[in-house]
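Worksheet for the structure shown next.
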Amino acid sequence: MSKRISLSCAALVLAVGVTLSACSTAPTAPATAPASVARAAAPAPSYPPSINQLVATAKSQVKTIKMLKFTAAFDEKDVGLLIDVRNENEFEDGFVPGALNVPCGLIEFRIWKLVGFPDKTNMNTKMMLYCATGGRCALAIKSLQGLGFTNVTSVDIKFEDWVKAGNPVAMPKK
């Protein structure tokens, strides 16, 4: 029995080692190019129709802004609190300058410090939220509205299109 366990452990260690060595030899983008620009876009994930319906419903129930109007508001410094609701690893690849990273799944908990809680909480703080494709930010806006926030806008753009249009992209400070 112990020989079988030892062989199983050895096989597992070998498999992990092969996997890790395959990962470490993968090509990487040049250090000079921002990762969001240098890395080819991953194929769009496939979701069940219920997810697409959930996002479509959220977008129909929240205030949205398209690329042209967002770019104008950004240029005029009229976006209020700009929040990137993508995951931390996505944010690290580049973001709209001035944006704060508050991942969609944590927004209900992390938003409070940004709006003055507990002393002077402003539920009418102007906020614009964006993500990679416009879905997560619409869902995050619904959550914020459910908490009582009144001046929130979903930026209905693809971050990739923002980059392709030559708009500025900031990188996190290391």
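The values are calculated or read from the model by the stated rules, or taken from the named source; none is laboratory data. Values in this document were obtained by computation on a predicted structure and should not be read as measured data. With ideal geometry, Cβ positions are generated from the backbone for all residues, glycine too; neighbour counts draw on all protein chains shown.
Give me a count of the residues in segment 156-174 that are touching a residue at least 40 places away in the same chain (Cβ under 8 Å) and not in a helix (DSSP H, G or I).
The number of residues fulfilling the criteria is 9.
Among the candidates Thr125, Thr153, Thr121, single out the residue that is in a loop (DSSP other than H, G, I, E, B), surrounded by 16 or more Cβ atoms within 10 Å (Cβ to Cβ) and not hydrophobic (A, V, I, L, M, F, W, C).
Values: Thr153 fails: in a loop (DSSP other than H, G, I, E, B); Thr121 fails: surrounded by 16 or more Cβ atoms within 10 Å (Cβ to Cβ).
Checking each option against the conditions leaves just Thr125.
Would you be able to say whether some residue in segment 3-19 is of a type outside the set (Asp, Glu), surrounded by 12 or more Cβ atoms within 10 Å (Cβ to Cβ) and either at pLDDT below 95 or part of a helix (DSSP H, G or I) (or both)? Quick ask: steps written out before the conclusion?
Keep residues of segment 3-19 that are of a type outside the set (Asp, Glu), which gives 3-19.
Narrowing further to those that are surrounded by 12 or more Cβ atoms within 10 Å (Cβ to Cβ): none.
No: segment 3-19 contains no residue that is of a type outside the set (Asp, Glu), surrounded by 12 or more Cβ atoms within 10 Å (Cβ to Cβ) and either at pLDDT below 95 or part of a helix (DSSP H, G or I) (or both).
Out of the residues in segment 45-71 that are under 23 Å from Phe149 (Cβ atoms) and among the aliphatic types (A, V, I, L, M), state the one that is surrounded by the fewest Cβ atoms within 10 Å (Cβ to Cβ).
Narrowing segment 45-71 to residues under 23 Å from Phe149 (Cβ atoms): 54-66, 69-70.
With the extra rule that they be among the aliphatic types (A, V, I, L, M), the set shrinks to 54-56, 58, 62, 65.
Working: Leu54: 16, Val55: 18, Ala56: 12, Ala58: 22, Val62: 20, Ile65: 18.
Among them, the one singled out is Ala56.
Given the criterion of a type in the set (Asp, Glu), in contact with a strand residue (DSSP E or B) (Cβ under 6 Å, 6 or more places away or on another chain), modelled with pLDDT of 95 or more and surrounded by 10 or more Cβ atoms within 10 Å (Cβ to Cβ), identify the matching residue among Asp93, Asp84. Give the derivation first.
Numbers: Asp93 fails: in contact with a strand residue (DSSP E or B) (Cβ under 6 Å, 6 or more places away or on another chain).
When all the criteria are applied, what remains is Asp84.
If I ask for residues that are part of a loop (DSSP other than H, G, I, E, B) and either touching a residue at least 60 places away in the same chain (Cβ under 8 Å) or out of contact with any Lys or Arg (no Cβ under 8 Å at 6 or more places or on another chain) (or both), which ones from segment 97-118 would you list?
Here is the first cut: in segment 97-118, the ones part of a loop (DSSP other than H, G, I, E, B) are 97-99, 102-103, 115-118.
Of everything in segment 97-118, those that are part of a loop (DSSP other than H, G, I, E, B) and either touching a residue at least 60 places away in the same chain (Cβ under 8 Å) or out of contact with any Lys or Arg (no Cβ under 8 Å at 6 or more places or on another chain) (or both) turn out to be Pro97, Gly98, Ala99, Val115, Gly116, Phe117, Pro118.
Would you point out the residue of segment 98-118, among those that are among the aliphatic types (A, V, I, L, M) and buried (at least 19 other Cβ atoms within 10 Å of the Cβ), that is nearest to Pro168 (Cα to Cα)? First the steps, then the outcome.
Applying the first criterion (among the aliphatic types (A, V, I, L, M)) to segment 98-118 yields 99-100, 102, 106-107, 111, 114-115.
With the extra rule that they be buried (at least 19 other Cβ atoms within 10 Å of the Cβ), the set shrinks to 99, 102, 107, 111.
Details: Ala99: 12, Val102: 20, Ile107: 25, Ile111: 25 Å.
In this case the residue turns out to be Ala99.
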